Structures are given as structure tokens and as C-alpha cells.
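The values are calculated or read from the model by the stated rules, or taken from the named source; none is laboratory data. Worth saying up front: this structure is predicted, and the values here are computed from it rather than measured. Every residue, glycine as well, gets a Cβ built from its backbone with ideal geometry; the counts of neighbours run over all protein chains shown. Just so you know, the surface numbers come from the protein's heavy atoms only, side chains and all, with ligands and any DNA or RNA stripped out. Shrake-Rupley method; radii C 1.70, N 1.55, O 1.52, S 1.80 Å.
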Amino acid sequence: MLLRGFAKPIESELIADIGAIAAQAPFRHMVTPGGHSMSVAMTNCGRIGWVTDPGGYRYDANDPESAKPWPAMPPSFCRLAAQAAVAAGFASFMPDACLINRYAPGARMSLHQDKDELDFAAPIVSVSLGLPAIFLFGGLKRSDKPRRFRLEHGDIAVWGGPARLAFHGVAPLADGEHAQLGRQRINLTFRRAR
Ligand code: MD3
Ligand code: FE
């Protein structure tokens, strides 16, 4: 379910909170098990964070760069994710992980499934901020032709039920200038990982 503009009322609070998180756990280009450096820069907040390195994908309570716990999930983040989940029909969504993706112009995310979480009954809530992106929403097979959706600043998408294991990705980000965030897109993905 797509909730257009749902995050707009608290955009300033979200942007300030992202800045505080990145000051403690800086955005970095992680390396995939295949040895490629991701074009998207990532950090996390919450009890656990998603990481990849040449050894594989995993959730880790600590930031491998600092060996310290990830920054706590700000109350503004938790509240927004839970409210969006309710609006999409998922009661009592309590995320324990929030992956924060930063796209510069040209950055992309190839088609993948999110399968590193324990409980696929919980939805994933994603918040788009900054430059617009073309989101690719495929089916349960990699070969299913993806549909394209334009996600703009403030839009929230909730992915649950049959969509939870759909292949998805993001087309290379077009250059532009966003009033609050400049030449970038930031995406928050809230998950129940454990
Ligand atoms: C559909 N991020 O971090 S968010 C990811 O815009 C990721 O940064 C993209 O895919 C981004 O894993 C897309 C939307 C999203 C997240 C998880 C999904 C869509 C999803 C899981 C299942 C189906
Ligand atoms: Fe994903």
C-alpha cells in the first residue's frame, strides 16, 4: 500500500534525526558477498542493523565500523512506522531495525528479496525522502517483469502479505535538487528482524 505524503508533516524532525544518527554511525558503502561495493550508502538505527560484507548478509546489534551498538531508533521513527502500518491494515507493528539508505545521483539497487528477517508475517514500512526515485516492484520470481512506481519525498510504502517476498529494486537515481535534502534520496526501511 502506498501512502502518498504520509511522512510530510514530520519531515523536519525526520531529517534532523537522520543527521544525528549519521553523526554516530556514518553512512558507508558496504561490500556484498560477491565482492561489489554497493552504490547505495547505508547506516542503521534500532536494536539491530542490517549489514553485508564479503562473509555474507546478516543482522548485527553492533556497527562493525565502531564495534558499538547502532544508535537507538528515535521515537519519531517508531511512531511514524507504526502509524503507517495501521493505515495499511497491520496492527501493532513494532520494528526492531531501521536500515537507512542514501542514494546519490546514479545510485541504484538491483532486484532482490528481503529474506534475512525471521518473521515474514510482519510488514516492511519504507519512507522516501529527498529526490524522487523509480521503484521497481516485481513478483515472486526474479524473471517476473517489474512494475514501476515513482516514489516522492514524504511517500510511505507498506509491504506485507503476498508482497512481502516480492522482488524489488530502485532504478538509477536521476540527478536533481531537493529543497530540504539537496542532491540525494534517503530511504528508511523499518523491519521486524528478530
Ligand atoms: C517490497 N530499499 O533496503 S524500499 C532495501 O528504496 C530496499 O531504498 C529500497 O529494498 C529503497 O532492502 C526499497 C521499499 C521496499 C523495502 C522492502 C520490501 C520494498 C519492498 C520488501 C518486500 C517487497
Ligand atoms: Fe529490499
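For segment 104-123, state whether one or more residues are among the hydroxyl-bearing types (S, T, Y), in contact with a Ser or Thr (Cβ under 8 Å, 6 or more places away or on another chain) and within 14 Å of ligand 2 (Cβ to nearest atom). Checked against the condition, which is being among the hydroxyl-bearing types (S, T, Y), in contact with a Ser or Thr (Cβ under 8 Å, 6 or more places away or on another chain) and within 14 Å of ligand 2 (Cβ to nearest atom), segment 104-123 yields no hits at all.
Looking at R183, is it within 13 Å of the chain's Cα centre (by Cα), open to solvent by 30 Å² or more (accessible area, probe 1.4 Å), in contact (Cβ under 8 Å) with a residue 60 or more places away in the chain and more than 14 Å from ligand 2 (Cβ to nearest atom)?
No; evaluated as a whole, the condition is false for this residue.
Does segment 60-70 contain at least one residue that is within 14 Å of the chain's Cα centre (by Cα) and closer than 24 Å to R185 by Cβ?
Going through segment 60-70, the residues within 14 Å of the chain's Cα centre (by Cα) turn out to be none.
No: segment 60-70 contains no residue that is within 14 Å of the chain's Cα centre (by Cα) and closer than 24 Å to R185 by Cβ.
A Cβ distance below 8 Å, combined with a sequence gap of six or more or placement on separate chains, defines the contacts here; from segment 58-70, residues that are over 15 Å from Q24 (Cβ atoms) reach residues that are of a type outside the set (D, E) and surrounded by fewer than 14 Cβ atoms within 10 Å (Cβ to Cβ) in the pairs Y59/R194.
The lone criterion from (1) surrounded by 15 or more Cβ atoms within 10 Å (Cβ to Cβ); (2) away from ligand 2 (no atom under 16 Å from the Cβ) left unmet by P146 is number (2).
When segment 1-47 is filtered for residues that are polar (S, T, N, Q) and over 15 Å from the mean Cα position of the chain (by Cα), the ones remaining, listed by number, are S12, Q24, T32, S37. Pairing each residue of segment 138-159 that is within 16 Å of Q113 (Cα to Cα) and without any contact (Cβ under 8 Å) to a residue 60 or more places away in the chain with any residue that is open to solvent by less than 20 Å² (accessible area, probe 1.4 Å) and in a strand (DSSP E or B), provided the two are 6+ apart or on different chains, yields C-beta distances under 8 Å for G138/G169; P146/G169; W159/I124; W159/V125; W159/S126. A count restricted to segment 44-74 and to residues that are assigned to a loop (DSSP other than H, G, I, E, B) and either of a type in the set (D, E, K, R) or at pLDDT below 95 (or both) stands at 2. Restricting attention to segment 127-137, does a residue exist that is open to solvent by 50 Å² or more (accessible area, probe 1.4 Å), outside any loop (DSSP other than H, G, I, E, B) and of a type outside the set (D, E)? Yes, because at least one residue in segment 127-137 is open to solvent by 50 Å² or more (accessible area, probe 1.4 Å), outside any loop (DSSP other than H, G, I, E, B) and of a type outside the set (D, E).
Identify all residues within segment 76-96 that are within 20 Å of F135 (Cβ to Cβ) and of a type in the set (A, V, I, L, M); write none if there are none. Within segment 76-96, L80, A81, A84, A85, A87, A88 meet the criteria. Of all the criteria given as (1) surrounded by fewer than 17 Cβ atoms within 10 Å (Cβ to Cβ); (2) within 13 Å of ligand 2 (Cβ to nearest atom), the one not satisfied by H168 is (1). Within segment 75-112, being without any contact (Cβ under 8 Å) to a residue 60 or more places away in the chain and in a loop (DSSP other than H, G, I, E, B) holds for A91, S92. Filtered by the rule that a residue be part of a loop (DSSP other than H, G, I, E, B) and either at pLDDT below 95 or touching a strand residue (DSSP E or B) at 6+ places or on another chain (Cβ under 7 Å) (or both), segment 1-33 gives M1, F6, A7, A25, P26, F27, H29, M30, T32, P33. In the set (1) within 15 Å of the chain's Cα centre (by Cα); (2) more than 22 Å from L181 (Cβ to Cβ); (3) not acidic (D, E), L80 fails one condition alone, (2).
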